[in-house]
Amino acid sequence: MPTIQAPLLADFISRLFQGAGAPEAKARLVANSLVESNLAGHDSHGVIRAHWYLRNIKDGTIKPAAEPVVVKDTPTVTTVDGQYAFGHVAAHFAMQITIKKAKLAGLAATGIFNCRHIGRVGEWVEMAAQQNLIALAFCDVSRGAPIVAPYGSVTSLLSTNPFAAAVPLGGQPPMVLDFATSVVAEGKVRVAFDAGKPIPEGWVIRADGQPTTDPKDLYEGGMLLPAAGHKGYGLAMLMEFLGSALVGQGDITGQTGHRVNGVLFIALAIEPFRPLADFLADGASLYQQVKVVPPVPGVEEVLIPGEPERQMAARRRVEGIPLAEQTWTHLLEAAAELGVAAPGEKDER
Ligand code: NAD
């Protein structure tokens with residue numbers, strides 16, 4: 001399994017996107033986001049995606065040089081047409097607007113339609129929390145085929161529809177809650193499939209409703225289960241309304257030929273409610289209380305959401321990012337096709 005240092009990997013991925021027609025700033029933004037996902041331990045949303053994005057650039061469903069545009073604008077509400085640019089570019093653009101308006105008006109909401117895959121949703125809410133805003137993200141996923149069974153059924157109808165929220169804390173990095181409303185993100189099944197490993201029972205059922213630990217079954221008519229039964233299912237439905245219907249993504253539960261995200265970002269300023277310092281102090285106090293709760297045997301430390309990712313990132317920044325053999329092979333094949341030098345090779349272009 002190759003292990004690559006983050007800066008080297010980000011540079012390689014950025015050059016691949018540039019080789020496929022992306023302007024440098026956009027290529028870097030997407031490459032950095034993918035590598036940050038690997039650093040956070042969410043390999044499912046890391047550079048494994050580069051190969052698919054390159055394929056989408058080739059088939060015209062990602063427009064690597066496109067700029068998202070604002071199509072509706074009030075002091076608090078914005079609608080962005082993602083223009084089928086990279087989803088990361090659209091999400092970054094939309095969250096920047098949300099942050100700016102929330103600082104001025106106290107709160108802001110931004111919807112994005114015509115938006116490709118925005119990757120690890122937590123990245124975008126964390127952007128706002130780093131500026132002392134509370135942020136929420138509601139994300140609808142449409143893909144080639146539905147993949148998640150509504151609670152109590154054995155029929156795929158929904159998708160992994162992730163939710164994320166970030167809250168600034170005094171003296172600590174923000175709390176970042178970020179999860180698929182299915183039991184896991186589909187990409188984690190894909191990572192197991194690529195690595196030839198079984199998946200835990202309880203993630204996927206086969207087309208006949210039987211449980212399975214073979215990741216292949218998901219791609220042969222099986223389906224992911226909702227997280228926490230009826231609760232994750234309810235949240236997945238909410239993502240359909242807020243991430244799709246409200247923002248005009250236009251295909252509720254719709255399964256477009258390619259993967260798109262409908263997105264709603266909401267940011268809240270704290271000062272209109274109470275002094276920022278008081279809120280941050282409450283956050284610091286809650287954090288300290290959680291930290292002294294005794295862990296159960298086998299658990300080293302009780303964490304808050306966002307901490308597992310930060311701990312993993314600290315480790316991988318030093319040790320490098322391990323990549324599945326197949327992921328690395330796909331990247332090298334793409335490099336050869338685009339005439340881009342792999343890390344350690346001389347660029348012949
Ligand atoms: P997951 O099940 O690993 O849950 C992650 C969340 O749980 C994080 O907030 C994490 O900090 C928290 N967490 C994990 N262990 C914890 C612990 N011990 N204590 C406290 N908190 C803990 O994530 P997932 O559902 O598999 O989703 C993975 C990623 O996939 C997310 O970043 C999500 O945004 C992304 N995703 C994106 C799309 C898309 O279309 N853009 C679709 C689905 C998922």
K72 vs (1) assigned to a strand (DSSP E or B); (2) open to solvent by less than 30 Å² (accessible area, probe 1.4 Å); (3) away from the ligand (no atom under 16 Å from the Cβ): all pass except (2)
Give me the residue from the range 329-349 that is open to solvent by 40 Å² or more (accessible area, probe 1.4 Å) and in contact with a helix residue (DSSP H, G or I) (Cβ under 7 Å, 6 or more places away or on another chain) and, out of that set, nearest to A164 (Cα to Cα). H330
Filtering the range 195-216 for residues that are buried (at least 19 other Cβ atoms within 10 Å of the Cβ), under 18 Å from G41 (Cα atoms) and either in contact with a Leu (Cβ under 6 Å, 6 or more places away or on another chain) or not aliphatic (A, V, I, L, M) (or both) leaves a count of 0
Restricting to the range 165-179, name every residue that is touching a residue at least 60 places away in the same chain (Cβ under 8 Å) and within 9 Å of the ligand (Cβ to nearest atom). M175, V176, L177, D178
Given the options E24, E67, name the one that is open to solvent by 10 Å² or more (accessible area, probe 1.4 Å), among the acidic types (D, E) and free of Cβ contacts under 8 Å to residues at least 12 places away in the same chain. E24
Set Q130, Q83, Q96: member being of a type outside the set (A, V, I, L, M), open to solvent by 10 Å² or more (accessible area, probe 1.4 Å) and in contact with a Cys (Cβ under 9 Å, 6 or more places away or on another chain): Q83
Read through the list (1) over 18 Å from M237 (Cβ atoms); (2) within 10 Å of the ligand (Cβ to nearest atom); (3) polar (S, T, N, Q), then give the number of the only condition that T160 fails. (1)
Can you tell which of Q288, Q311, Q326 is touching a residue at least 24 places away in the same chain (Cβ under 8 Å) and open to solvent by 70 Å² or more (accessible area, probe 1.4 Å)? Q326
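So, in the range 217-233, exactly how many residues are open to solvent by 80 Å² or more (accessible area, probe 1.4 Å) and among the hydroxyl-bearing types (S, T, Y)?
The number of residues fulfilling the criteria is 0.
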Restricting attention to the range 258-285, which residues are under 25 Å from the mean Cα position of the chain (by Cα) and either exposed (fewer than 14 other Cβ atoms within 10 Å of the Cβ) or within 15 Å of the ligand (Cβ to nearest atom) (or both)? H258, R259, V260, N261, G262, V263, L264, F265
Restricting the range 19-56 to residues that are out of contact with any helix residue (DSSP H, G or I) (no Cβ under 8 Å at 6 or more places or on another chain) and under 22 Å from F193 (Cβ atoms), the residue that is nearest to the ligand (Cβ to nearest atom): W52
L104 passes all but one of (1) assigned to a strand (DSSP E or B); (2) touching a Pro at 6+ places or on another chain (Cβ under 9 Å); which number fails? (1)
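The values are calculated or read from the model by the stated rules, or taken from the named source; none is laboratory data. From a predicted model like this one, the values you see are computed outputs, not experimental measurements. A quick note on method: Cβ atoms are made from the backbone with ideal geometry, for glycine too, and the neighbour counts reach across all protein chains shown. Heavy atoms of the whole protein, side chains included, go into the accessibility calculation; ligands, DNA and RNA do not. Shrake-Rupley method; radii C 1.70, N 1.55, O 1.52, S 1.80 Å.
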